[in-house]
Structures are given as structure tokens and as C-alpha cells.
Amino acid sequence: MDDRSYWVGLNLVKGIGAARFNALIEHFGSSQAAWDAPASALYATGLPTAVIEELLQLRANTDLQVLLDDFKARGITLLTPEDTAYPHRLKQIDLPPPVLYVLGEITTKDDWAVGIVGTRRMSPYGQQVAEELARFLAANGVTVVSGLARGIDSVAHQAALEAGGRTIAVLGSGVDQIYPAENRGLAARMMQQGAVISDYAPGTPPEGSNFPPRNRIIAGLSIATVVIEAGKRSGANITAQFSVDQGKEVFAVPGNIYAPQSVGTNKLIQDGAHPLLKPEDLLEVLNLTLVTEHQQARMVLPENAAEAAIFGVLGHEPLHVDQIGIQANLPIEEISATLALMELKGMVRQVGGMRYIAIREVKNAYHIKE
């Protein structure tokens, strides 16, 4: 049986979140051992009685392989932190979700993502900002992440799609329980240009208590979070706090001091969030102008020994072609010809005076707190 089936089994138990999941794995040594553990051993872990009873009941009545086969038949992908396809940034937060259920596809392009969140009761001003910002990010190769809620979330997803970009929705329900219902069409389009994801198992209804925790995932997937409009107490502010806790940047759009939708954003700015006055502010602070170049660089690899040797020599600091030849131990004629081809492929760049750098090292040209 697929080992991930036991991850799913434990994930189905209400009351076993990331912290308890990790504690069980550490205690028993594996997900299978935790799932199969006798009742006495489970009680010895100190888990609440209600949680243990639900686990035992689920175990008795659930065929995990049948469940996984059903998910696969419905196009639902399972990801755990042990999978290489698990989102890179999300894996780096404290206690990443043990299981993600995905409709659509998460790719390496989504390593560059920004969360856009805000009130369901948006103003025309908030709608305009959400549309312009999402389009701008999409045009610059940045994935838009939000929660598929009414208002700012939906506008951001829609605008990213219209701009031909990628967008990811994080649900407070199972991925087969799209909420609100009027966003089912939007979600279906997102599955073609991104993904709809959740750490709640398929079939989980959109209960109110599920939504604040999912905001941690929105923040976790993102380099930064932008709050466009938010009341004094809102899910958007919760997402912003998760971003702060994860060491990431928070941006807030200033608003009318008399408008209830701006109370939360103005307070965020007062507390130290970056004021977002124009979309370009986001790219400037995060140096996201290098996103497209970096994404392209990740897709090129040396095709022969000469390219590999040159790629191994070059780095962030420019090297003269003569120095490259000496360090790579190759004839200057071969160095020159190979560099010309590598430049056409976007693997290296000449920065003047016959000096070159490796494009892969563009990642060192900016620092994003994680």
C-alpha cells in the first residue's frame, strides 16, 4: 500500500493537525505504525480520548487504498512534505501541512507567489486595486494566491486568469466542496492555470472554524502578503499575522480613514506593514523583477562536458574568458564557442570586457526573508 495512505488516514482524524501528526510520527516511527498502533499505545501518547476514539473508528471502517483510488479517479493529487512536488516555500514553514489535496497542478513557477487577501465587502476602490495588482503580478510571472472567498479574493483570482497568469486558491473545505457555490466556474478555470488546494480531506464542508487555519497556508505559499481592504477583525489580518510569524513581508493598501474596509489596512501600516501605493512597489521591495529571468534559468542545464565545466566555474562574480579557460582547463577556442551557445540559451551573460556570469546565480542577487 502507498505509504501516503497512512498520512491520509491520520489526516482524516479531526483533532490531529500538523503538531499532533508530527508528534505521532516521532513517537511511533512512521505513519503506518501510528495508524496501526493498538489502543493502549495510542492512549499512552496523551492524545485526547475523543481523538483516539475517532481514529480507532476510522481505522475500523476505512479502506485507505480504496480511498486513495477514489481520489485518483477524481483527479485529486495528494502531496506530503516528503514529495518533491510539495510546494517549496510551504515546506519551509514551521509544521507544514502533512497532506495537501490538489485539483490542478502546482509547479516550480509557483515558488514566486504573492498572497492577495481582503474583505468580502469590498469597495469599488478595493476592487480596482485588486484587479490591477493581480494583473500586474501575473504579467510579471508571479502566481497570485488567495482564498476564493467573495470580494477581494475572487477578484484577484479572476484578474490573474484574465492576464494569462497562474493562481492558487486555498480552501477552508475539501477541494470537492467549492465555497461559495457561485465560484465553482472560477475554480474550474483555476485548475487549468494553477490549482485549488486544501489540507482538509475531500468531503469536508466549509465550516467557519476551518478558515482561519487555512490562512496560514496562503501565507506559507507566498513570498509576501498584500492586504487590500480589511476590517478591524478579519481573516485578511490573520493572514498578515501568519506572514509576519513566518518572517515574510506584509503590504497593505492605504484607504479612507472613515471607511470600515480600511480600518484594518491602515492599522497594519501603522504597525509597520509596507504601504502599497502602486503595484511596482511590491516588485521593488522584493526584487521580483528577476522572477522571469530566474524561472528561465532554472530550466536550462548543461548539455555536454564543456558546458558543465564552464557552468561549474562561473558564478555571481564576472570572470574573464581567459580565466574561464584556465579554470575549466579547456582550449580558448572551445571556451569561446561554447560560451556563445550558452549565452544564446540564456545560461550565461556577458557583462562587458569579455567577462561572463552564470545566469543561475541570479538567485543570489536578491534576498527574500523566509
* Ranked ILE218, ILE16, criterion: other C-beta atoms within 10 Å, fewest first -> ILE16, ILE218
* Structure fact -> Residue by residue through region 258-267, the couplings from Karplus 6.51 cos²θ - 1.76 cosθ + 1.60 with θ = phi - 60°, in Hz, x for Gly and Pro, are 9, 8, x, 6, 9, 4, x, 5, 5, 5
* To do: Note down the net charge around ALA236, summing +1 for each Lys or Arg and -1 for each Asp or Glu among other residues with Cβ under 12 Å from its Cβ.
  => +3
* Residue among GLY264, GLY118, GLY203 with the largest mean-square fluctuation in a Gaussian network model of the chain, springs linking Cα atoms under 10 Å -> GLY203
* **Non-local Lys pairs in the chain, i.e. 8 or more apart or on different chains, that have alpha carbons under 17 Å apart** => 6
* Working from Cα positions, state the angle (0 to 90°, nearest 10) between the long axis of helix 235-245 and the longest principal axis of the chain. => 60
* To do: Note down the magnitude of the dipole of the chain about its Cα centre, charges +1 on Lys and Arg C-beta and -1 on Asp and Glu C-beta and zero elsewhere, to the nearest 20 debye.
  => 1020
* Asked: Assigning unit charges at the beta carbon (Lys, Arg +1; Asp, Glu -1) and nothing else, what dipole magnitude in debye, to the nearest 20, does region 102-288 show about its Cα centre?
  -> 380
* **Value of relative contact order over the chain, rounded to a whole percent, pairs C-alpha under 8 Å and six or more apart** => 13
* If amide H atoms are built 1.01 Å from N in the plane of the peptide, which residues on other chains or at least 5 residues away come under 5 Å of the amide H of THR167? -> VAL144, GLY194, ALA195
* Taking the Cα atoms only, what angle lies between the long axis of helix 211-221 and the longest principal axis of the chain, rounded to 10 degrees? -> 20
* Asked: Summing Lys, Arg as +1 and Asp, Glu as -1, what charge do residues with Cβ under 14 Å from the Cβ of ASP2 carry, ASP2 excluded?
  -> -4
* Structure fact -> Descending packing, highest mean Cβ count within 10 Å first, for 2-10, 74-82 is 2-10, 74-82
* To do: Treating the angle as unsigned and between 0 and 90°, give the value, to the nearest 10°, between the Cα long axis of helix 332-345 and the longest Cα principal axis of the chain.
  => 40
* Along region 11-17, what does the Karplus equation 6.51 cos²θ - 1.76 cosθ + 1.60 (θ = phi - 60°) give for ³J(HN,Hα), rounded to whole Hz, x for Gly and Pro? -> 5, 6, 7, 5, x, 9, x
* To do: Using a 10 angstrom cutoff on alpha carbons, build the Gaussian network for the chain and name the most mobile of SER262, SER198, SER40.
  => SER40
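Readers should treat all values here as calculations from the given coordinates under stated rules, not as data from a laboratory. The structure presented is a predicted model; accordingly, all values stated were derived computationally and were not measured. Glycine gets a Cβ as well: all are built from the backbone with ideal geometry, and neighbour counts include every protein chain shown.
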